[in-house]
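The structure appears below as structure tokens.
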There are 2 protein chains.
Amino acid sequence: MKTRVLLGIDIGGTNTKLAAISARGKVVAHDMILTLAKEGPESLFTRIQQVVPSLLGPRREIAAAGLGCAGLVDAGSGRLCSSPNLPEWANTPISRICKRVLGVYTYVDNDANAAAYGEYRCGCGVGARMFICITLGTGVGGGIVSDGKILRGSHNYAGEIGHMTISEKGPRCKCGNRGCLEAFVSADALVRDATRILRRAGRSLLGMPAAKKSRVLTPEDIATAARRGDKAAQEVFDNAAQHVGIAAASLVNVLNPDRIGLAGGVASGFDLMEKRIGQVVAERAFFESAKVVTIRQAQLGFNAATIGAALMAKDALRKTPHQTPSR
Amino acid sequence: MKTRVLLGIDIGGTNTKLAAISARGKVVAHDMILTLAKEGPESLFTRIQQVVPSLLGPRREIAAAGLGCAGLVDAGSGRLCSSPNLPEWANTPISRICKRVLGVYTYVDNDANAAAYGEYRCGCGVGARMFICITLGTGVGGGIVSDGKILRGSHNYAGEIGHMTISEKGPRCKCGNRGCLEAFVSADALVRDATRILRRAGRSLLGMPAAKKSRVLTPEDIATAARRGDKAAQEVFDNAAQHVGIAAASLVNVLNPDRIGLAGGVASGFDLMEKRIGQVVAERAFFESAKVVTIRQAQLGFNAATIGAALMAKDALRKTPHQTPSR
């Protein structure tokens, strides 16, 4: 008899990550393919179907599939409503297509929710009563897990933590608003700050590979330079920590989390930000609420959303056990 | 046989409101006594006990009591942890004391949570899946009702919406933070703004009773002047609406509410703020999330917290039907 595993799928604008996940959330095998969004979801799931046998090997089969998808997802109907990263897929019944092609029960949710749920179940959020996961990547997203369940809001759009205003007249954000957290601490914002400081300080940021202009600067490069003692690079992370701290303090006051997780490329500099973030939260949030929160670096990295989506599928299947493949 | 009613009690720093509430949340009778916090909770509940017979009349009896209390409340144990308005009562097992004195099942929660629940059950929040109630009073508080339940966070401290940072370097707030919503839109902040504009504009704010300096200016006075066409008073409410809108937009992005209710004295100028708040939310929040939210004036006024606390007590009693009076 074959071992049944969950298939976790994390669909991004460029790449789609696949992972075979055990019932306990362990990654058994993983792979990545191009999303090729313009070819449509049928094409993607057909290519996934082709990859699955080599991903699973001869002794495993899929019990259910969990999809994390960038954009606004109606988790109830499994429809992708809209997505800035997958504009061609707006209003697609993505769960139904996946079910038909792969022949298994499929659950779909927003990728940030899936990543938050993964961290909650198997990473830095284990055991938290109110867990907030903030992903500091190209954009800044988030997911909230309250009493073990994703906090969805009225239409499953909740969790856009990157778009809290922290500075009324702050810099313009891609979303159209001003002074969003994302406008201060996305990977792009950090690189912009580093470049500006580099220009201003001239000889600063020495030791940073990207200062050679041989390739694109990343938050990881800036973090490496900061750890080597580069003052300008440290200033970039100090600024980021200040702004993450302000947003975290607001979240602490409004949602009273006992754990906040920081994920994404910018969180690779967690060691450079941890102390300052804690200070800002202590300064800005209510004493009692600040006292009960711990802020941690996310643990699952690359596979947070595949793990979370797979476990969501497992949970959903348990609630509706009579789901059958719709092929 | 006597009709059983719920006793709703809203304990503030100065006054304590009492109301006999029907099972459907209707106020049957209400009264107000001084809290006299320094005399302690035993004294307050003894005086409540003395008032109850005249409040109920000969044909009613209390089924359960619900307390809304300013401060941080552990709703599970019924303990008041700390309260800026009732400093002498820190760490008081307030539910146990009420039970002993009144001889009925007692449920205690934070007053802002109680008011939010009241509005959710019987006021402007009826039917909402994610309801946020913001009380714009001397302070700015709030409560969040998600899928019919108060969103408590890890330790029941959630809902401090007044202390979201909306402007990183904004004015100092009483809580110690900078640029909190409360620092911009509390009743005190409005009066301060009106006074400043009055000083600057000289002849402006004509028609406002308080311009005569015969009594303390209130948000209601400023609203009355604004409705009479006073430009300076309108400017005060425009500014308030701008800042409420910024906070609401952040909440819309993070929590995806379908309804936001505005309560408290400053919300008496809701008609003056409604349009601008809607514009700011539309400008600043995600289109899809902004589209599904409606912002309304609270409906229960004075008795929101007594109604909400009473209905919370009823709900809690239904879940633990074997509760007996602990006298």
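The values are calculated or read from the model by the stated rules, or taken from the named source; none is laboratory data. Since this is a predicted model, take the numbers as computed values, not measurements. Note that each Cβ is placed from the backbone with ideal geometry, even for glycine, and that neighbours are counted across all protein chains shown.
Scanning the stretch A:137-162 for residues that are farther than 22 Å from B:Ala247 by Cα and either surrounded by fewer than 22 Cβ atoms within 10 Å (Cβ to Cβ) or within 13 Å of the chain's Cα centre (by Cα) (or both) yields A:Gly137, A:Thr138, A:Asp147, A:Gly148, A:Lys149.
Of the residues that sit in the stretch B:88-125 and are within 14 Å of another protein chain (Cβ to nearest Cβ) and farther than 13 Å from B:Ile11 by Cβ, which one is surrounded by the fewest Cβ atoms within 10 Å (Cβ to Cβ)? The selected residue is B:Asn91. Looking across the stretch A:286-321, the residues that are crowded, with 19+ Cβ neighbours inside 10 Å, of a type in the set (Val, Ile, Thr) and more than 14 Å from chain B (Cβ to nearest Cβ) come down to A:Thr306, A:Ile307.
Scan the stretch B:27-85 for residues that are in a loop (DSSP other than H, G, I, E, B) and of a type in the set (D, E, K, R) and the total you get is 1.
Consider the stretch A:75-87. How many of its residues are charged (D, E, K, R) and crowded, with 21+ Cβ neighbours inside 10 Å?
Here the count works out to 0.
Every condition in (1) farther than 20 Å from B:Ile161 by Cβ; (2) at pLDDT 95 or above; (3) not in a strand (DSSP E or B) holds for A:Phe302 except the one numbered (2). Criterion first (surrounded by fewer than 24 Cβ atoms within 10 Å (Cβ to Cβ), under 17 Å from the mean Cα position of the chain (by Cα) and of a type in the set (Gly, Ala, Ser)) does A:Gly71 satisfy it? Judged against the criteria, A:Gly71 is a match. For beta carbons closer than 6 Å, sequence separation of 6+ or different chains, a first residue in the stretch B:91-113 that is acidic (Asp, Glu) and a second that is in a helix (DSSP H, G or I) and modelled with pLDDT of 95 or more, the qualifying pairs are B:Asp109/B:Met312; B:Asp111/B:Ala305.
Just a yes or no: is a residue in the stretch B:290-297 in a helix (DSSP H, G or I) and either aromatic (Phe, Trp, Tyr) or modelled with pLDDT of 95 or more (or both)? Yes, because at least one residue in the stretch B:290-297 is in a helix (DSSP H, G or I) and either aromatic (Phe, Trp, Tyr) or modelled with pLDDT of 95 or more (or both). Being modelled with pLDDT under 95, over 18 Å from B:Gly179 (Cβ atoms) and within 8 Å of another protein chain (Cβ to nearest Cβ) is a condition met by no residue of the stretch B:264-271. Counting only residues that are at pLDDT 95 or above and not in a strand (DSSP E or B), the stretch A:1-23 holds 1 of them. Number of residues in the stretch B:126-138 that are more than 21 Å from A:Ile150 (Cβ to Cβ) and within 12 Å of another protein chain (Cβ to nearest Cβ) equals 2. Checking each residue in the stretch B:223-254 for being farther than 24 Å from B:Ile161 by Cα and either touching a strand residue (DSSP E or B) at 6+ places or on another chain (Cβ under 8 Å) or part of a helix (DSSP H, G or I) (or both) picks out B:Thr224, B:Ala225, B:Ala226, B:Arg227, B:Lys231, B:Ala232, B:Ala233, B:Gln234. Is it true that A:Thr35 is of a type in the set (Val, Ile, Thr), farther than 24 Å from A:Arg318 by Cβ and out of contact with any strand residue (DSSP E or B) (no Cβ under 7 Å at 6 or more places or on another chain)? So A:Thr35 fails the test. B:Thr135 meets the conditions (1) without any contact (Cβ under 8 Å) to a residue 40 or more places away in the chain; (2) assigned to a strand (DSSP E or B); (3) closer than 21 Å to B:Pro84 by Cβ in every case but one. The failed one is (1). For the stretch A:144-195, the set of residues classified as within 11 Å of another protein chain (Cβ to nearest Cβ) and assigned to a helix (DSSP H, G or I) consists of A:Ile161, A:Gly162, A:His163, A:Leu181, A:Glu182, A:Phe184, listed by residue number.
More than 14 Å from every other protein chain (Cβ to nearest Cβ) and either at pLDDT 95 or above or under 19 Å from the mean Cα position of the chain (by Cα) (or both): does that describe B:Leu217? Working first, answer last.
Working: more than 14 Å from every other protein chain (Cβ to nearest Cβ): yes; either at pLDDT 95 or above or under 19 Å from the mean Cα position of the chain (by Cα) (or both): no.
Judged against the criteria, B:Leu217 is not a match.
Among residues of the stretch A:65-80 that are away from every other protein chain (no Cβ under 12 Å), those with a Cβ under 6 angstrom from a residue that is aromatic (Phe, Trp, Tyr) and part of a strand (DSSP E or B), sequence gap 6+ or separate chain, pair up as A:Gly66/A:Tyr107.
Based on what the data block shows, is B:Ile246 away from chain A (no Cβ under 14 Å), crowded, with 18+ Cβ neighbours inside 10 Å and modelled with pLDDT of 95 or more? Answer is no for this residue.
Of the residues A:Val236, A:Val252, A:Val281, the single one that is farther than 29 Å from B:Asn113 by Cβ and either of a type in the set (S, T, N, Q) or surrounded by 19 or more Cβ atoms within 10 Å (Cβ to Cβ) (or both) is A:Val236.
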